[in-house]
Protein chains: 4
Amino acid sequence: LLSVDDDRLASRRRRSSAYERLVQPCLAELVGTAFFVFMGCVSVIEDGGPEAGLGRLQPALVHGLAVAVMVACMAEISLAIYLCGGMEMSMVPPYVVSQLLGGVLGASMAKAMTSAENYAKAQGAAFTLLQSEQQLGGALFGEIAMTSLLTLVVLLGAVNATSRSPLVPFTVGCSVILSVLAGGGVSGTCLNAARALGPALLSGYWSYHWVYWVGPLAGALVGAALVRLLLGDRDTRVLMK
Amino acid sequence: LLSVDDDRLASRRRRSSAYERLVQPCLAELVGTAFFVFMGCVSVIEDGGPEAGLGRLQPALVHGLAVAVMVACMAEISLAIYLCGGMEMSMVPPYVVSQLLGGVLGASMAKAMTSAENYAKAQGAAFTLLQSEQQLGGALFGEIAMTSLLTLVVLLGAVNATSRSPLVPFTVGCSVILSVLAGGGVSGTCLNAARALGPALLSGYWSYHWVYWVGPLAGALVGAALVRLLLGDRDTRVLMK
Amino acid sequence: LLSVDDDRLASRRRRSSAYERLVQPCLAELVGTAFFVFMGCVSVIEDGGPEAGLGRLQPALVHGLAVAVMVACMAEISLAIYLCGGMEMSMVPPYVVSQLLGGVLGASMAKAMTSAENYAKAQGAAFTLLQSEQQLGGALFGEIAMTSLLTLVVLLGAVNATSRSPLVPFTVGCSVILSVLAGGGVSGTCLNAARALGPALLSGYWSYHWVYWVGPLAGALVGAALVRLLLGDRDTRVLMK
Amino acid sequence: LLSVDDDRLASRRRRSSAYERLVQPCLAELVGTAFFVFMGCVSVIEDGGPEAGLGRLQPALVHGLAVAVMVACMAEISLAIYLCGGMEMSMVPPYVVSQLLGGVLGASMAKAMTSAENYAKAQGAAFTLLQSEQQLGGALFGEIAMTSLLTLVVLLGAVNATSRSPLVPFTVGCSVILSVLAGGGVSGTCLNAARALGPALLSGYWSYHWVYWVGPLAGALVGAALVRLLLGDRDTRVLMK
């Protein structure tokens, strides 16, 4: 099945225009990230408060299912895919820019849809969980470890030839659901600067914002290193060939 | 896999009778919409009240899973599929009529199954969330944006040749689950006139009913435009070929 | 894909012994139903009471996921599969007996695992929701309508050649989840005499027990009729050929 | 599809180095188990207490989805796979050691991420549910029965040739979700010594720890016996050939 796909992809690539190779993927990233951040922010702003009884399940399901249906929306992970040979270097910067722009667009859509009152209560769906230095260690560790889990699932499910699977949208979505459910109370489970930037910009909340850039970036590097050094197939692995 | 399917579909179409081409798809829409609206209304009428603690998770899962197992039940989306070349114009009016009839049948089944007391409390599972003009902006924006997300998932998953997937029932169902979870408190997350008409008719509740026709219709047009203009493959796209 | 499966199934059938054709399927039904009823009863007995806050979600997920992973455990549906040409008549009685025996075994396992105190509170996971004649109409209607939905999903997903899908375990499981979530408060959502018999026997609770035989049986006939008369492909359908 | 896979697997095996045959699978077990135990422990330590309202749903989803995305992490089940011919004897001890080491690593990661206060309240995510001899019978029975269910799903979905399915990660994950939801209140639903060892070691909590070795081991033997004696195909089955 995979080799058939490869052939079809190759013939498609031969026929495809510059628009299809360069512009369309970035537009898809922008639209995908916009809808992901839009629904994610709305789920946080309109969660109904503690008495609604859903707790972290509501944002967990919304973010995870949005990732599953939108597929593409992870800035650091684009880098990890490049590091494992799944993307050309020239595509990484436009991808990352598209994702960050999409995140700002999505956060604006969330602000347009929700009432000012609920928006203020949620501090604009920015990550306002971190309020003191004591939380930083656990939060940073959590972002790194959970992003490396997510990166592993993406790289083994979509890039590494011997383990690729058509079910990868669902395994990636499930990784997000479980990470928000387990670690949401420690770090907010951002996993992704594109999810953090837009809400921070629109609500003007920047405290400890760097955690959501450093943590996911380091996690993506850890995940890519695990695949490149130890877990990848012969073509992907650089050691022990 | 897809080309095999195309061949099989084509040979099936050659052999198929007028009944199979014209009547059976409409019957399937009617039965599918009836069961979708039936279970959706029952989940709202019999939600056990706030003390049951499930909040929006109950209607979110019921509507999303019903869409996943029934596949076909979206009036505006039939229009979007036609606009992207996935359906002949002559099939759109009978499809839409079948879906609206199915919605009335489903709402009647929900009334037959539930107690008069619970039915009255839920105002017949009609969309009674909107009570003032101040809510209209957010609700209309939400219906448009969430229906365009749903339409994108349907068009890219079922119509656009380079991205079609056999997993589309589940991605569409997940889109409904996440939309009800995130936006249910703002607009009720109808996404579909066929879901709104039956309950409104049976309970006589028509306040702001137009939101559930204008919003989903506009959202379907936005989603179809995104695919036709920017995100579709060469055959589907009309710009940048 | 399906034709390959058919070939493989045919060659397997030629090679297969009487044990594999006759005894093993019944053993699989017995084991599958036993685990389904076992986990279903435990989820009801050990639900933690209203303060645990999961409400109908706990039994809904447990029953639906058990159906998805066990695949086979529906007595009335065996009848519907036979009526639509998916099973030989000679297999229906042994299947139904295996399922009923499996249900009694599963209910006994649930009793062995749970404390006498919790077991008594739940009245042995028998369907004790129905306490008065006034509930009967809605409960019977619900069992019929929801079993016909489930039967439709099974017949179109596993028997009808033009719509068969390898995803059918998950669509059937999702049908059970949504039916318990939506209709659990009205009828208990049994859908299946094999789920009702074992717990009734072990707890000695037989009030309105007939509802869980008449309702699912009638629902299976409605679902089979819809496929045989209207929705099936040319080989399955008896009208409008 | 399966025969294609077999060919590809065979050719891959011919080409593969000792590293790929012996070391990499053990590393994958270690990493997979580490992430599984890490997220599982965090979900228990950071569950927000009873007032968060998610009850057993949070650990149920986290453990089940982690199994689905990590695939490999079950010590006793490695034994069952060996007993049914899916693994060579020489691989069983290194697999089991890798899983136990991964569990200790994962539990350490959970301790690093969470606050000392929450960690102490959860007794380190060790299985502290069992507090008296009266609970032992039900807990042991539950671990045996639920592990045999899980083993059946793994063996029929991944080893037995006539029932293997590419959906097996999701059916195994669903088995874990339903087992934690149904039986979490009786035994803690460990199903796996590798999940129990690390937390016990890090928190120094060893009361009734043996239940989580004896129960899963006995359950894996029951599941393997059912497949070997009754439910497997001709190649897997030793009786009634």
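Only the coordinates and a few stated rules stand behind these numbers; no lab work does. Given the structure is predicted, the values throughout are model-derived calculations rather than measurements. Note that each Cβ is placed from the backbone with ideal geometry, even for glycine, and that neighbours are counted across all protein chains shown.
Annotation: amide H of D:Asp233 within the under-5 Å range of D:Ala161, D:Thr162, sequence separation 5 or more or interchain, hydrogens built in the peptide plane. Among the chymotrypsin sites (Phe, Trp or Tyr not before Pro) found in the range C:128-217, those both in a DSSP coil and sparsely packed, with 13 or fewer other Cβ atoms within 10 Å of their Cβ, are C:Trp206, C:Trp210. Label zone of C:Lys121 (point 7 Å out along Cα→Cβ, amide N under 16 Å): in the range D:54-70 this covers D:55-56. In plain terms, the residue of D:His209, D:His63 with the fewest other Cβ atoms within 10 Å comes first and the most crowded comes last, giving D:His209, D:His63.
Would you mind classifying the range B:102-187 by shape? Square roots of the alpha carbon gyration tensor eigenvalues, ordered a ≥ b ≥ c; an a/c under 1.5 is rounded, otherwise it is prolate if a/b is larger than b/c and oblate if not. Here the range B:102-187 falls in the oblate category.
Considering only D:Ala145, D:Met39, D:Met91, and ranking their Cα positions along the charge dipole of the range D:33-191 that arises from unit charges at the beta-carbon of Lys, Arg, Asp and Glu, the one farthest toward the positive end is D:Met91. Cβ crowding within 10 Å, taken as a proxy for footprinting-reagent exposure, orders A:Ser203, A:Ser165 from fewest neighbours to most as A:Ser165, A:Ser203. Averaged over peptide B:168-176, the number of partner chain Cβ atoms lying within 10 Å of each residue's Cβ comes to 5.
Where in chain C are the DSSP H helices whose C-alpha atoms run 24 Å or more along the long axis and whose mean Kyte hydropathy is at least -1.0? Membrane-span-like by this criterion, though nothing is claimed about a membrane: C:24-45, C:92-113, C:136-154, C:168-187. Contact order for chain A, expressed relative to its length and based on alpha carbon pairs under 8 Å spaced 6+ residues apart, stands at 27 percent. If you take the square roots of the eigenvalues of the alpha-carbon gyration tensor of the protein assembly as shown and sort them as a ≥ b ≥ c, do you get rounded (a/c under 1.5), prolate (a/b over b/c) or oblate? It comes out rounded by the Cα gyration axes. Projecting 7 Å from Cα along the Cα-to-Cβ direction, the label point of B:Glu88 sits 4.3, 4.3, 6.1 nm from its equivalents in the other copies, listed shortest first. Only helices enter this figure: runs of n ≥ 4 DSSP H residues, each worth -39500 (n - 2.57), summed and divided by the residues of chain D, yield -21000 deg cm²/dmol at 222 nm to the nearest 500. Ordered by the number of other Cβ atoms lying within 10 Å of each residue's own Cβ, fewest first, B:Thr162, A:Thr114 fall into the sequence B:Thr162, A:Thr114.
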